[in-house]
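The next block holds one structure in the form of structure tokens; read it before the comments.
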Amino acid sequence: MTIAENVAEIRRRIAVAAARGGRGAEEIALVAATKMNDAARVRAVVAAGVDACGENRVQELLEKHEQGAYAGAPLHFIGHLQSNKVKYIVGVADLIQSVDSEPLLRRIDKRAEALGITQDILLEVNIGGEMAKSGVAPEALDELLTAAAGCGHLRVRGLMAIPPISEKSDGNHAYFCRMRELFVDIGRKKYDNVTMDFLSMGMSGDFEDAIECGANMVRVGSSIFGARPYAQR
Ligand SMILES: *Cc1c(COP(=O)(O)O)cnc(C)c1O
């Protein structure tokens, strides 16, 4: 199967899952998780018509960006972002999906201000409560949203989550549903600089379940590109 054929198949499966919730396929954004795929393969996935490319290592993103790999598609940063790398990503990524602390928020805001831009971000939620994982605890979200309201050069566009690794495709159902609740609750409240447009959850193994629980952005890697040489999340 070619990359284009795989993208078409994922789109078909997205449409089926969306229809179960009474939604159309066009309401679900497909982000290709492009890590460990070279510029030629990234160009192929852009040509296949994904809605964005998501990269999770700064160095890798910058190299491929330099090669023009993402031309024609929005670029998202989906990995853990260290404060000292913020300067490389703000203004380069159209959406930073993985913001999970107030210091990081402020760094991004400051850098965006220096560039004279407004940076779109998502807040990453540690919905599984896993010690080793990035993401803000659900209980701490309100505080982070309040901090974001004071940052004039960024906009929080929604939430992102990477739930625990599960053996079953519906093993994270409860976490996905909880994310949906948070997304809806926050959307009802009024924070400055915050709109709940995107709920980014679901990967190759579970994107259909995530969509059924309300995701409108999925991040798919291995089902498009094939298995990576070694596991990296
Ligand atoms: C790699 C990655 C994905 C995609 O994972 P697959 O299982 O290969 O589909 C999604 N989100 C993030 C943050 C990733 O790093």
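The values are calculated or read from the model by the stated rules, or taken from the named source; none is laboratory data. Values in this document were obtained by computation on a predicted structure and should not be read as measured data. Neighbour counts run over all protein chains shown; Cβ positions are idealised from the backbone, glycine included. These area figures cover heavy atoms from the full protein model, side chains too; ligands, DNA and RNA do not enter into them. Shrake-Rupley method; radii C 1.70, N 1.55, O 1.52, S 1.80 Å.
Okay, here's what the table says:
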| quantity | calculated |
| --- | --- |
| Residue list for segment 56-82, filter: open to solvent by 50 Å² or more (accessible area, probe 1.4 Å) and either modelled with pLDDT under 95 or among the polar types (S, T, N, Q) (or both) | 59, 67, 82 |
| Leading residue by the ranking (nearest to residue 217 (Cα to Cα)) among those in segment 22-35 that are more than 17 Å from the chain's Cα centre (by Cα) and surrounded by 14 or more Cβ atoms within 10 Å (Cβ to Cβ) | 25 |
| Selection status of residue 222, modelled with pLDDT of 95 or more, surrounded by fewer than 19 Cβ atoms within 10 Å (Cβ to Cβ), touching a strand residue (DSSP E or B) at 6+ places or on another chain (Cβ under 6 Å) and over 29 Å from residue 150 (Cβ atoms) | no |
| Segment 15-58, residues that are in contact with a Leu (Cβ under 9 Å, 6 or more places away or on another chain), more than 11 Å from the ligand (Cβ to nearest atom) and not in a helix (DSSP H, G or I) | 49, 50, 51, 52, 53 |
| So residue 185, is it within 17 Å of the chain's Cα centre (by Cα), at pLDDT 95 or above and more than 16 Å from the ligand (Cβ to nearest atom) | no |
| Residue check for residue 146: farther than 26 Å from residue 23 by Cα, modelled with pLDDT of 95 or more, more than 10 Å from the ligand (Cβ to nearest atom) and β-branched (Val, Ile, Thr) | yes |
| From 117, 89, 96, 108, residue being closer than 21 Å to residue 203 by Cα and not charged (D, E, K, R) | 96 |
| Selection from segment 83-92 of residues that are among the hydrophobic types (A, V, I, L, M, F, W, C) and open to solvent by 50 Å² or more (accessible area, probe 1.4 Å) | none |
| Options 229, 163; residue that is within 14 Å of the ligand (Cβ to nearest atom) and farther than 22 Å from residue 7 by Cβ | 163 |
| Number of the condition not met by residue 135 [criteria: (1) under 22 Å from residue 27 (Cα atoms); (2) touching a strand residue (DSSP E or B) at 6+ places or on another chain (Cβ under 6 Å); (3) not acidic (Asp, Glu)] | (1) |
| Qualifying residue in segment 94-104 (condition: within 13 Å of the ligand (Cβ to nearest atom), over 12 Å from residue 34 (Cα atoms) and small (Gly, Ala, Ser)) | yes |
| Hits in segment 207-219 - residues which are away from the ligand (no atom under 16 Å from the Cβ) and open to solvent by 40 Å² or more (accessible area, probe 1.4 Å) | 212 |
| Single match in 42, 99 (criterion: out of contact with any Pro (no Cβ under 9 Å at 6 or more places or on another chain), closer than 27 Å to residue 131 by Cβ and of a type in the set (A, V, I, L, M, F, W, C)) | 99 |
